[in-house]
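Each remark here refers to the structure printed beneath this line.
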Amino acid sequence: MALSLGFSSCPNDTFMFDALVHARIAGAPAVAPTIEDIEALNERACGAVASARLDVTKLSVGALPEALDRYAVLATGAALGRGCGPLVVRRRDRDDLRSTTALAGRRVAVPGLRTTAWRLLQAFAPGCEPVAMRFDRVMPAVAAGGVDAGLVIHEGRFTYRDHDLHCVADLGELWEADTRLPVPLGVITARRDLADADAAAIEAALGESVRFAFAHPEVSRPWVRELAAELGDDVIAQHIALYVNASSLGLDDECRRAITTLLTRCGCTASPWR
């Protein structure tokens, strides 16, 4: 029986997992993909509906405190790095919002209350009022004046200027300056009740899928474009280059420290590993 596998439609995920989904990896387990927004995947893993939980799924590191009783982090397929953190943006005419301290008491659109982005905003801009919405609705909400500021992730890092928005703070830069560690954005997890052999097999297959993607980028391009909605080729390329890196092939000690550091700051002492 195929393992259920959840990931987002963002170019970094579809680039990495194209080979696995399309059976290009010899000997890899069969998978049945579920492609959803990252916060929807977080909700599946953390929610009360057991039947909605996938065998293997991408999760925000910020969602792990709620999910670690059910899921453990795999070493492959992750999104960690430097210079890739979420941004806080505002309208250019909001000169009253020039720093994170000015966000206290302000309404800030966030891409979900389980995202790593929200966890970082809580750490570096305490006291703001979150307004949760899908990640692709954040910038339009800020531009329309429906909220005071917004927290952008994914391709928003490259396109916020197209909405005539101004960057208040790069939360990734703040995290890196504070911890000297890469930003732990998202990881692939497997159910703790999944057999060890199955977990090891899918972990290895995910790594092979990433290697295949690096070696043959042209193969995944049509599927990546198909699922990338209206993103242009240049934004797709920037997206993949920023979020797919050595950590996607395997978590080294520094990456593991980054994950556990964020969990500790969230008050979570449970081990994220199998």
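The values are calculated or read from the model by the stated rules, or taken from the named source; none is laboratory data. Please read these numbers as outputs of a predicted model, since none were measured by experiment. Because the Cβ atoms are built from the backbone with ideal geometry, glycine has one as well, and the counts that use them run over all protein chains shown.
Scan Asp18, Asp69 and give me the residue that is crowded, with 21+ Cβ neighbours inside 10 Å and either in contact with an Asp or Glu (Cβ under 6 Å, 6 or more places away or on another chain) or at pLDDT 95 or above (or both).
After ruling out the rest, the residue left standing is Asp18.
Matching residues to (1) in contact with a Pro (Cβ under 9 Å, 6 or more places away or on another chain); (2) surrounded by fewer than 18 Cβ atoms within 10 Å (Cβ to Cβ); (3) closer than 21 Å to Glu36 by Cβ:
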position: Val88; (1), (2), (3): no, no, no
position: Arg92; (1), (2), (3): no, yes, no
position: Ala117; (1), (2), (3): yes, no, yes
position: Ala125; (1), (2), (3): no, no, no
position: Pro184; (1), (2), (3): no, no, yes
position: Val187; (1), (2), (3): yes, no, yes
Q. Within the stretch 80-94, is even one residue in a helix (DSSP H, G or I) and either under 25 Å from Trp223 (Cβ atoms) or not aliphatic (A, V, I, L, M) (or both)?
A. no
Q) Exactly one of (1) at pLDDT 95 or above; (2) surrounded by fewer than 23 Cβ atoms within 10 Å (Cβ to Cβ); (3) assigned to a loop (DSSP other than H, G, I, E, B) is unmet by Arg44. Its number? A) (3)
Q: Could you tell me whether Asp136 is surrounded by fewer than 24 Cβ atoms within 10 Å (Cβ to Cβ) and modelled with pLDDT under 95?
A: yes
Q: Filter the stretch 144-158 down to residues that are at pLDDT 90 or above and crowded, with 17+ Cβ neighbours inside 10 Å and give me whichever is farthest from Arg94 (Cα to Cα).
A: Ile153
Q: Look at Thr189 and say whether it is β-branched (Val, Ile, Thr) and out of contact with any Phe, Trp or Tyr (no Cβ under 9 Å at 6 or more places or on another chain).
A: no
(Q) Can you find a residue that is outside any helix (DSSP H, G or I) and either under 18 Å from Val61 (Cβ atoms) or touching a residue at least 60 places away in the same chain (Cβ under 8 Å) (or both) anywhere in the stretch 197-215? (A) no
